[in-house]
Amino acid sequence: MIADFAALALAAALATACLGVAASLHASVHGAGSWRMAGNRALRATVLLVAGATVILWILLMQDRFEVLYVWSSSEAALPLFYKFAALWGGQAGSLLFWAFILACGSLLAVRRVARTLPDLTPWTTAVLCANLAFFLLLVVVPANPFQRIPFPPADGAGLNPLLQNYWMVIHPVMLYLGYVGLTVPFSLAVAALAVGRMDTVWLRMLRRWTLVPWLFLSIGILMGSQWAYLELGWGGYWAWDPVENASLLPWLTATAFLHGLIVQEQRGTMRLWNMVMIGLTYFLVLLGTFTTRSDVVASVHTFARSSIGLYFVGFMALTAVGFPLLLWVRRALLTEPAAPAAWLSRETAFLANNWLLGGIAFATLWGTYFPVFSELLTQEQIAVAAPYFQKVNGPLFLLLLLFMGVGPLLGWRFTRPPEIWRKLRLPLAGALGLALVSLSLLPPDPFATAGLFVCFLAFLGVLQEFADGIRARRRVRTEPPLVSLKQLLVRQSRRYGGYLVHVGIVCMGVAIVGNEFHQEVRHITLARGQQAEFGRWTVTYIGLTETEQANLTEYRAFVTVHDRRGNPVTRLEPRRNVYHKAPEAPTSEVGLHMSLREDLYVVLNGWQDEAASATFSFFLNPLMIWLWIGGVVLALGTLVALWPHGPDPGRRPRA
């Protein structure tokens, strides 16, 4: 049978991945070109075998082959084709196979790139990537085989988890996996550089690019997950500090610190040890997050079913936690910092403060997330840490991070004179103060919210001033319009100004977070058909409810009209309640949402009475929420600009 063939392909892939590790290590030690080629061929064979098994599982899902346990547990005959395709990563075994597939393809691309640019690092890079592949293939061959058969095939499947039947959940896990798996590549490059003893500029640039790409995917994945939580869970929020949410945030924080540290290492030759620790920690947190999602070590709405793969992860994480620090110790002479220390008023110090804050946020999040585990070990009782802990601890740290993000770019390398800082800072300070005062007239007064918005405005105006200074500098030596100067800044200095755009995106998200955390309004209302209610600056009216039978669910759709205070019609919202035939005990919400630059009107259908003669709703006013998604778009665009290769400036004369 085709499923048995796929299971054999995975076993063969495990063997070829192990062969790739052995051959590449032999080539690393003895420098034999034939063994290096053998390692590369083993990697290519592994990619083909894993790709074949992945395609076969997709075919089995599409054809409703319920004699395969994974197909039965993750799909059903009435499931739309769109979700059958996504069911590949809807369960534990399939998601691990998909992980191995992405890792195999990414490893092949990375090894080919390294072979062209840094050939002496190729064997070590191949060995580390093949070792990771071998670990995940071991999981899908032994404890989580997606091709396990059922002795007596059922007529239909158990169905996909209702919470996953949302279009955001089709793409959100893919982005997260691309981010998680992609961070294996910079870790392998770091191990290879330590083993070979090479940390030159070419290696730094390659390391930066191979970190920035998965960082972008991880950022998009986190934002898509927030969008799913906002639209699907029906609780009015976007981030609950759930353990699995935190597990995705942790490597993002350390990877962000690592990217900033690379800038200092490239410019000044410092922070070498810090950067190696950060990339090692990032990789470890990727493994920890994957372990958290696939075990019941902490309770979460996102986790898969309990299985025996947790012990495998613990062993692999222990190997990483011991092996990488040992390599750092052996190569400690390579990590010495030759450059002289910088003054306090310098860009290096701002970068260092930025990294310490990111590290502090990561530590506080890690401690709060896994505190139930620590408490159970000490007291035999799990003591959960709720969202208020994270908000009170991480909130001030994030605020300081935004402050340094606004002030840091205004500082120069090595030393900046205080009058120069004041000259650059006075306009952003005045503008931020003015905008903060304006916000008081639009939002309810709150000192903490006003302080948060002030810092966001200061960071935004500081970045804006950097763009203005760059445009003025170009126009002093070139006769070109301001928009042309702006374009040339983005093209010719893409790394610097792309990074500034990323800062603008994070500032936009900060504005949304402040607005939602401090000024959200909630009201639960029961309305009879045709009855009106006033909420905020809106008048809402319940019109009625319809019931629609679909292939695998029953949809209950309410209709609510929205008018402004003058009685002008604004929109009609249609909050829904979906009851799935396979899981009637787990209905899902599809919210009604009216978005504007000022606030979101967010409506959840909770229930209905007397054949829908009346219905109960939860109404939320979420100020400034749209800026969270706008900030995500700007962040992605800024990252793409920073990744864009830049060439020489056509307006600059070449030197003789």
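Of note:
- Residues being open to solvent by 50 Å² or more (accessible area, probe 1.4 Å) and either within 15 Å of residue 591 (Cα to Cα) or at pLDDT 95 or above (or both) - total across segment 550-562: 1
- Any hit, segment 494-502, residues being part of a helix (DSSP H, G or I), of a type outside the set (Asp, Glu) and in contact with a Phe, Trp or Tyr (Cβ under 6 Å, 6 or more places away or on another chain): yes
- Among residues of segment 623-643, those that are over 13 Å from residue 504 (Cβ atoms) and assigned to a helix (DSSP H, G or I), counted: 5
One line per residue, one yes/no per condition, for (1) farther than 21 Å from residue 534 by Cα; (2) open to solvent by less than 10 Å² (accessible area, probe 1.4 Å):
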| residue | (1), (2) |
| --- | --- |
| 574 | no, no |
| 582 | yes, no |
| 588 | yes, yes |
| 591 | no, no |
| 595 | no, no |
| 598 | no, no |
| 604 | no, yes |
| 613 | no, no |
| 620 | no, no |
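- In segment 225-268, the residues that are over 20 Å from residue 635 (Cβ atoms), open to solvent by 10 Å² or more (accessible area, probe 1.4 Å), in a helix (DSSP H, G or I) and of a type in the set (Asp, Glu): 266
- Residues being of a type in the set (A, V, I, L, M) and open to solvent by less than 10 Å² (accessible area, probe 1.4 Å) - total across segment 535-549: 1
- Near pairs, Cβ below 9 angstrom, 6+ apart or cross-chain, from segment 25-36 (farther than 16 Å from residue 125 by Cβ) to any residue that is charged (D, E, K, R): none
- Residues of segment 67-80 satisfying the condition of being more than 15 Å from residue 164 (Cβ to Cβ) and open to solvent by 10 Å² or more (accessible area, probe 1.4 Å): 67, 69, 72, 77, 78
- Among the residues of segment 407-443, just one is farther than 22 Å from residue 467 by Cα, of a type outside the set (A, V, I, L, M, F, W, C) and open to solvent by 70 Å² or more (accessible area, probe 1.4 Å), namely 441.
- For segment 377-394, filtering for residues that are more than 16 Å from residue 361 (Cβ to Cβ) and surrounded by 13 or more Cβ atoms within 10 Å (Cβ to Cβ) leaves 1.
- Residue satisfying all of: in segment 269-297; of a type in the set (Gly, Ala, Ser) and part of a loop (DSSP other than H, G, I, E, B); modelled with the lowest pLDDT among these: 295
- Filter result for residue 147 (of a type in the set (Phe, Trp, Tyr) and in contact with a strand residue (DSSP E or B) (Cβ under 7 Å, 6 or more places away or on another chain)): yes
- Any chance residue 566 is at pLDDT below 95, of a type in the set (Lys, Arg) and either buried (at least 18 other Cβ atoms within 10 Å of the Cβ) or more than 30 Å from residue 160 (Cα to Cα) (or both): yes
- Residue in segment 350-371 that is at pLDDT below 85, in contact with a Ser or Thr (Cβ under 7 Å, 6 or more places away or on another chain) and either outside any helix (DSSP H, G or I) or closer than 30 Å to residue 598 by Cα (or both) present: no
- Residues of segment 413-467 that are of a type in the set (A, V, I, L, M, F, W, C), in contact (Cβ under 8 Å) with a residue 60 or more places away in the chain and within 17 Å of residue 400 (Cα to Cα): 448, 449, 453.
- The set of residues from segment 525-576 being under 24 Å from residue 609 (Cα atoms), of a type in the set (Asp, Glu) and part of a strand (DSSP E or B) comprises 534, 547, 549, 555.
The values are calculated or read from the model by the stated rules, or taken from the named source; none is laboratory data. Computed from a predicted model, the values in this text were never measured in an experiment. When we count neighbours, we look across all protein chains shown, and the Cβ atoms used for this are built from the backbone with ideal geometry, even at glycine. Ligands, DNA and RNA are excluded from the accessible area calculation, which covers all protein heavy atoms including side chains. Shrake-Rupley method; radii C 1.70, N 1.55, O 1.52, S 1.80 Å.
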